[in-house]
Amino acid sequence: MTLTMNIQDLRKSPLFQGLSDDELQTLMDNARPVSLRAGEALMKQGEPGDSAFVVLKGEFAIHKQSGQSLIKIDVRSPGDVLGEMALLSQTPRSATVTAVTDCETLCISKDAFEKLLSTSSTAALAVLHWVMTRLTQNEALLHQQERMAALGTLSAGLAHELNNPAAAAQRSASELYKTLIKWQGLTHQIEATAFKNNQTAWLNDLMKEATRRYESPVKVEALEKIDLVDQLQAWLEADGVESAWELAPALVNFGWNVESLEKLKDNSSRHLAIQWLGVGCAMMSLLSETREATERLSQIVRAVKSYTYLDQAPLLEVDVHEGLESTLVILQHKLKHGVTIKREYSVNLPRIEAYASELNQVWTNIMDNAIDALNGRGEIILRTYAEDNHVIVEIVDNGPGIPENIRSRIYEPFFTTKPPGKGTGLGLHISHDIVANRHHGQLLVESQVGETRFKVVLPVRIGKA
């Protein structure tokens, strides 16, 4: 590779685009080429940041160790610079860089870099601009990593939440189809029998009574219902009614009992009438189950739409309670195993100006951590109130608490105490950024054994924080 080519390769990097040929030549004279085979590490996390590398050829992957998890955070190609942030800040490498393909780089030592900065104001300004750009990029990457992790959690939870009512609706619809056919057959049979026996007035009254009961299903306690079903089943069996065990629960759901069915005792068509009533009640119960399942599906879809604020402007007048409730729906699959939610909502909480979907990400991160800390059993309190033109949201759990020796690190990116695959270590870092930088608020934490309290302080108007 000729000297001219090397200079042009340096010019591919935004860091060096503003430098003159002489400045680039000086930099080249103090640099050395470094070649790597695919799979070899250019630098490792924790090593001293004593040099920077310009990528001339090939592709590098950047991975960060978080606990026992190795997280891929970026890919670099020709023209990119590697390791310059650690070199400038004189700190250890924050990530490991590995060659994806065979690569060629130019290694710039600390002395060469510092000499360039001290002799060229153009270079110093270029580096300052580059550092600001890189910091912005890094923060954006962290947000993207957390969003992708949150999307994975959201997708898994939604798949679980949607599957249950969808399966219930499918089962009910399948049974409803068979029950409807049976009910239609019984309807035709009882109408023909009533017409033959000159009992059309009686049948008309029975159908009116059945319709009235269909419109008002009864609600009784579980133990009381068991007793009523047992009594009715025994009565039906004693009267010789077929499938008494199947008809009794359906009849009880709509208020039919021994006393009300005794009125049919003297009618020669009573067994057919009881079959018709029982199958009709079963059909209405299946319709009710199908409606409940589809309503649950609609509720989840509404919650997701509210949670993500699809098709709406990013800065909105937000009902904090609505965001908290939507988040609870999203996390419902994790709350079913013994975690209870206690709401202490202010009845007069003002709406706030906020980036709604981002704020919901904060609620998700804090609640998800609280649920994990409780390990399946405990209580989470959601408390809201207004104070001095601010809305305060407290999320309190009665778990083991955050150890004092790590409390100061919980907002650090990639810091996590969760096992591999359970967390990125970005949740609270991103949450703090959303609250403090995006909303000009505060994210505070107090913790001891038996109580961890996250306190989110948000201005009612962002511009008036």
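Under the simplified labelling scheme, the T193-A436 pair shows an inter-label distance of 7.8 nm, with each label point 7 Å from Cα along Cα→Cβ.
For K334, the lysines whose Cα comes closer than 23 Å to its Cα, not counting residues fewer than 8 places off in the same chain, are K305, K342, K418, K422, K455. Listed by chain and number, the lysines whose C-alpha is less than 28 Å from the C-alpha of K263, apart from same-chain residues fewer than 8 away, are K182, K196, K208, K219, K225. Between L162 and L316, the simple spin-label model (points 7 angstrom out along Cα→Cβ) gives 2.0 nm. By definition, a body whose alpha carbon gyration tensor gives a ≥ b ≥ c is oblate when a/c is 1.5 or more and a/b is not larger than b/c, and segment 53-115 fits this oblate description. Once the chain from K342 to R407 is taken as fully extended at 0.36 nm per residue, the excess over their C-alpha distance is 20.9 nm. A simple spin-label model places the labels of K12 and D372 3.9 nm from each other, with each point 7 Å out along Cα-to-Cβ. Using Cα-only point scatterers and the Debye equation, what is log10 of I(q)/I(0) for segment 156-289 at each q in 0.21, 0.22 Å⁻¹, rounded to two decimals? Each listed q maps to, in turn, -1.32, -1.41. The slack in the chain from A173 to E40, taken as 0.36 nm per residue of separation less the alpha-carbon distance, amounts to 42.0 nm. Give me the net charge of I381's neighbourhood, meaning all other residues with Cβ under 14 Å from the Cβ of I381; Lys, Arg count +1, Asp, Glu -1. Local net charge: -1.
Ordered by 1.4 Å accessible area with all protein chains kept, W363, W245 run largest first as W245, W363. Only protein heavy atoms count here; under a 1.4 Å probe, H321 has an accessible surface of about 40 Å².
The order of S269, S298 by accessible area, most exposed first and with a 1.4 Å probe, is S298, S269. What residues of segment 174-200 lie in the reach of a label at Y214, counting those whose backbone N is under 16 Å from a point 7 Å from the Cα along Cα→Cβ? Within reach of a label on Y214: 176-191. The stretch between E237 and D29, if pulled fully straight at 0.36 nm per residue, gains 64.7 nm over its current Cα-Cα span.
The values are calculated or read from the model by the stated rules, or taken from the named source; none is laboratory data. Given the structure is predicted, the values throughout are model-derived calculations rather than measurements. All Cβ positions, glycine included, derive from the backbone under ideal geometry; neighbour counts span all protein chains shown. Surface areas here come from the heavy atoms of the whole protein model, side chains and all, with no ligands, DNA or RNA. Shrake-Rupley method; radii C 1.70, N 1.55, O 1.52, S 1.80 Å.
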